[in-house]
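Every number in this text was worked out from the coordinates using simple rules, so none of it is lab data. From a predicted model like this one, the values you see are computed outputs, not experimental measurements. Virtual Cβ from ideal backbone geometry, glycine too; neighbours counted across all protein chains shown.
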Amino acid sequence: MDEQKRLLLAVVLSVVVLVGYQYFFTAPAENTNPSQEVQSRETVQSNTPANTPTVSDYTNGTKNQSQAQTSQPMPVVKDYRTISVSTPLYEIAISEHMAAVHSFALKNYKETNQDDSPLKQLVPEQLVNGTLSFSMEGGSIQGLDNATYTAGTDTTSVNLYQGEKTIVFSWVNPQGISIKKIFTFRADSFLIDCNILVQNGSGMPINDAIVISMPGFYNDEVKKQSRFAFQGPIAYIDDKYQDIAPNDIEDQDTFNGTIDWAGYTGQYFMTVVMPKEPVKAKLSLSYANDIATNRLVQKMDRLDSGKQGQYDYTYFMGPKSYKLLSQYDNNLKKAINFGWFDIIAKPLLITMNTIHDFIPNYGIAIILLTILIKLVFWPLGTKSYKSMNEMKKVQPLMMELREKYKDDKTRMNQEVMGLYKTYKVNPASGCLPLLVQMPIFFALYRMLYQAIELRHAPFFGWIKDLSAPDRLFHFDFAIPMMQAPAGIPVLTLLMGASFLLQQKMTPTAGDPMQAKMMMLMPIFMTVLFINFPAGLVLYMFVNNIISMGQQKYTQKKFS
């Protein structure tokens, strides 16, 4: 096979990979629903769990409390309050009903990059019962799944500017079983301690498992967003990161092992619960009515009458920032996972953040990161451009052979291969840098799409968000193949022009039809990149500019 066909094949394969990646893995921008007002009083009805004072052994697969129901509704719960705690980092609202988190607003992040945007809300309005609620797997504590606690504070609003604050939520059921959820908040940390105390004042032993639920809203729109940056239940089990697509829960809804943490993640933010120490436990998952729920199920020690048990956890609700999570003395930073490209993407992220520490502009950081990558691959690029230059020299001889043996393809290919051997030309070496850089490209794509550092990060001028497609002006009408908002993709057009200039510098194929196809590639790449994050387009544009400079230098040096 001659070098034109090899080059064409390499480009076609690359395009197929890019298009496939764009179709199956890329997603529209993050959903930006504004936060919902948290209600302080509600009327709640729910089904009563099976009224059993003890439950079967943990290994017997006891039915989840949320699934154990009777036809008799619970009475209307009594009035309750919502306790709000405000720190410099967040504002959290915990309802006395089930002592669940009903609101968590991040003070340093907004829903959109508009000036009047509300704060980023981590508890979607669809989670009507909140998140991080506590129950028993076997339903051994009657009324727990609909309990109304009493918060040990006279005020419903607490401001915490320094130090820490503890609030106790208490509840006692008719059988005399007492539950306390002790929350400890810190002014300078996203970590929240939650100690659960169970005092058995009944006449029967408790032999059950603690369940902490972390639900997430997962509809068809979120599913599309999750093609590339995973959204859904996650955990760190047996020293391995594990994510579970909600659509796969029907096939496997239970995972057993040593669990460091478990939770639910969005594109940029997550909710996680960590036992004080890694424990042998299980995950119990469900997915119904657009709600995917991850439950950490930890077996309790048998609790006889008059005895007390304590189980300590730490909650994290906040940004998926590698720099932030690396500061904690736990394995939370493992939640930053780039899949197959993790081994490449994570060093790129660390390097980009290091550059940003000195030059506080992520656009400039991406430019400098691109230069560093080009320097690493400079020898390989020089070899490639040298090979292209040699191919250009033998082009007239190749065209003569094609014309001479146009009726004998076998002989023509033999003569062309002999020409390569005589002039020591390797037609594949020109494609090698493209193939070698593909993993870098995909790693950068995933990193730039998932890195919260780029969320709403401006570059200059019209580029206000490096994690979103660049648009100069916003039009009121739709443009085919362009994600909303429609506008002029200036940076993408500049990148397309750089592809065109680079194509003109590359030796053309002997076949006119192949040459025309190659010249169409810049147009195709421009259309393909039109919905890519501006940060990735910036990388490709700078990469092309540097590549053209290197190619020009190499041609002069070896001509």
(request) Would you give the gap between the C-alpha center of the range 180-195 and the C-alpha center of the range 209-276, rounded to a whole Å? (result) 22
(request) Obtain the nm distance between the two label points defined at Ile359 and Thr156 by a simple spin-label model: each point lies 7 Å from its Cα along the Cα-to-C-beta direction. (result) 5.1
(message) Can you give me the C-alpha center-to-center distance between the range 370-386 and the range 300-337, rounded to a whole angstrom?
(response) 45
(message) Modelling each spin label as a point 7 Å along the Cα-to-Cβ direction, I'd like the Glu164/Val436 distance in nm, to one decimal.
(response) 5.2
(request) Provide the packing ranking of 131-137, 250-256, i.e. peptides ordered by the mean count of other C-beta atoms within 10 Å per residue, highest first. (result) 131-137, 250-256
(request) Let me know the shape class of the range 274-339, please: from the alpha-carbon gyration tensor, a ≥ b ≥ c as square roots of the eigenvalues, rounded when a/c is under 1.5, otherwise prolate if a/b is greater than b/c, or oblate. (result) oblate
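Checking the table Lys120/Lys299; Lys334/Lys383; Lys409/Lys552; Lys323/Lys464; Lys299/Lys333; Lys320/Lys383 against a 31 Å threshold on Cα-Cα, which pairs fail?
Check vs 31 Å cut-off fails for Lys120/Lys299; Lys334/Lys383; Lys409/Lys552; Lys320/Lys383.
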(message) What distance in nm lies between label points placed 7 Å from Cα along the C-beta direction at Asp304 and Arg186?
(response) 3.8
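Using a Förster radius of 22 Å, what is the FRET efficiency between Gln175 and Asp79 based on their Cβ-Cβ separation? Nearest 0.05, please.
Efficiency, rounded to the nearest 0.05: 0.45.
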(request) Express in nm, to one decimal, how much length is gained between Val128 and Asp329 on full extension, taking 0.36 nm for each residue of separation and deducting their alpha carbon distance. (result) 69.1 nm
(request) Output the peptides 413-421, 224-232 sorted from most to least packed, where packing is the average of other Cβ atoms within 10 Å over each peptide's residues. (result) 224-232, 413-421
(request) Using per-residue counts of other Cβ atoms within 10 Å, averaged over each peptide, order 85-95, 328-338 from highest down. (result) 85-95, 328-338
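For a test of the definition: using alpha carbon positions, the gyration tensor, and the 1.5 limit on a/c, classify the range 350-558 as rounded, prolate or oblate.
Here the range 350-558 falls in the prolate category.
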